[in-house]
Amino acid sequence: MAQYKRMAEIFIKNCRANRDAARDMAERHEWEALKFSFHSLKSQALSMGARNLSADAARQEGPAPLAQEPF
């Protein structure tokens, strides 16, 4: 149980850091990097048993916005 608790603490710490990084990626329109970030979150959340978070990340991992750059 102590090992799972430690893993959960690391997961939460990383989620906070990744959330901030994802926000920055979105602001800079770095869609492929953001997609990879959601892909990683999807897998990590599933390994921790956070199925709803994993499913949310999978939905966000979908196609990048069509209009990545203005015409």
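The values are calculated or read from the model by the stated rules, or taken from the named source; none is laboratory data. Values in this document were obtained by computation on a predicted structure and should not be read as measured data. Cβ atoms come from the backbone with ideal geometry, glycine included; neighbour counts cover every protein chain shown.
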Mind counting the residues in the stretch 22-31 that are exposed (fewer than 14 other Cβ atoms within 10 Å of the Cβ) and assigned to a helix (DSSP H, G or I)? 3
Hey, could you check the stretch 32-41 for residues that are in contact (Cβ under 8 Å) with a residue 12 or more places away in the chain, under 17 Å from residue 56 (Cα atoms) and of a type outside the set (Gly, Ala, Ser) and say which is surrounded by the most Cβ atoms within 10 Å (Cβ to Cβ)? 41
I'd like the full set of residues that are assigned to a helix (DSSP H, G or I) and surrounded by 10 or more Cβ atoms within 10 Å (Cβ to Cβ), limited to the stretch 46-58. 46, 47, 51, 53, 54, 55, 56, 57, 58
If residue 15 satisfies every condition in (1) surrounded by 14 or more Cβ atoms within 10 Å (Cβ to Cβ); (2) at pLDDT 90 or above but one, which is the exception? (2)
